[in-house]
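Beneath this line is the structure, given in structure tokens, with notes to follow.
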Amino acid sequence: MTRQPDQPDQPDPSTPPAPFPPPDEPDQYDAMGAEYAEHTATNIVNAHYDRPAVLALAGDVTGRRVLDVGCAAGHLSALLIERGAASVTGIDASAQMVRLAAEHCGDSGRFHHADLAAPLDFLPDASFDLVTASLVLHYLEDWSGPLSELRRVLRPGGALVMSVHHPGEDWHWFERPDYFRTEQVRDTWTVAGRPRTVRFYRRPLGAAFNALRDAGFTVDRLEEPMPRPEAREQDPPWFELLSTAPRFLYFRALRPGPGL
């Protein structure tokens, strides 16, 4: 199926809103890195829907050691730094995104080129109080290894806050016959005048929830957020759509520790 917004910063409101999509391979992502960074800085879905929802579930980050997984151009990392995190470490599969994040955050953050599908051996056990994973896990078929690694690097009592495509939205949009199947789907967008084909995995809600439990997490919160009120003025059609239809799903999951 094809979704083709007229412009990346003013999508067609007749289609479900989405952030600027990563391409299939990191080198393609690298090639459009600056466009990605510019788009996600202000568009309604990223700036007024996804990042606020992640920050709300993260709560007070003052003095916290934070790992930002799939940091992209560093917009969420910068907000975590601004809110008083003691340290922010970002990882991304795109070398270009890592470079842009480092430029955006300066010396306030540390950024590494790393693939979440591989062991994060360079990160010590229990070295973070909070892990954020904004719109990244749905690009992985198997969550077991990545979630186990994220649990490993969290201290006992620490939290993972993650956003993924909403299972109901993907099933409905792609008109798949079996909601309960985990499967790869393809989507094509017109971005900066060129088509971009992306692949990601859709899965039922139960599969996402159970993957967290199987990795040793306790799911603390499950959220289907609303966009921020100021988004209504920026893009009324998308504000209405995000306010009435599911787009992303948000989890806060805890690594059990004393008292949990």
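A probe of 1.4 angstrom, applied to the heavy atoms of all protein chains, finds Glu240 with accessible area near 100 square angstrom.
Within the chain, what whole-number % of the accessible surface is contributed by carbon and sulfur, with the 1.4 Å probe and all protein chains included in the calculation?
49
What the Cβ-Cβ distance of Glu224 and Asp121 gives, at R0 = 41 Å and to the nearest 0.05, is a FRET efficiency of 0.70.
Normalised size of the range 119-260, defined as Cα radius of gyration per 2.2 N^0.38 Å with N residues, equals 1.17. Annotation for Arg181 and Ser148: the two label points, set 7 Å from Cα along the Cα-Cβ direction, are 2.8 nm apart.
Rolling a 1.4 Å probe across the protein heavy atoms gives the chain an accessible surface of 45 Å² per residue.
Secondary-structure-derived ellipticity at 222 nm for the chain, considering helices only, amounts to -8500 deg cm²/dmol, per-run term -39500 (n - 2.57) for DSSP H runs with n ≥ 4.
Approximating the spin labels as points 7 Å out from Cα along Cα→Cβ, the Ala34-to-Ala245 distance works out to 3.4 nm. For the residues Ala245, Ala117, Ala72, a GNM of the chain with alpha-carbon springs under 10 Å puts the largest fluctuation on Ala245. Summing charges over all other residues whose Cβ lies under 13 Å from the Cβ of Ser163, with Lys and Arg as +1 and Asp and Glu as -1, gives -1. GNM on the chain, alpha-carbon springs under 10 angstrom: the most fluctuating residue among Gly33, Gly216, Gly90 is Gly216. Residue-wise HN-Hα couplings along the range 43-48, as the Karplus relation 6.51 cos²θ - 1.76 cosθ + 1.60 with θ = phi - 60° gives them from phi, are 5, 4, 6, 7, 7, 10 Hz; Gly and Pro carry x.
Computed over neighbours whose Cβ is under 15 Å from that of Gly109, the net charge equals 0, Lys and Arg +1, Asp and Glu -1.
The values are calculated or read from the model by the stated rules, or taken from the named source; none is laboratory data. A quick note: this is a predicted structure, and the numbers were derived from the prediction, not measured. For neighbour counting, all protein chains shown are included, and Cβ atoms are generated from backbone atoms with ideal geometry for every residue, glycine included. Just the protein is used for accessible areas: all its heavy atoms, side chains included, with ligands, DNA and RNA removed. Shrake-Rupley method; radii C 1.70, N 1.55, O 1.52, S 1.80 Å.
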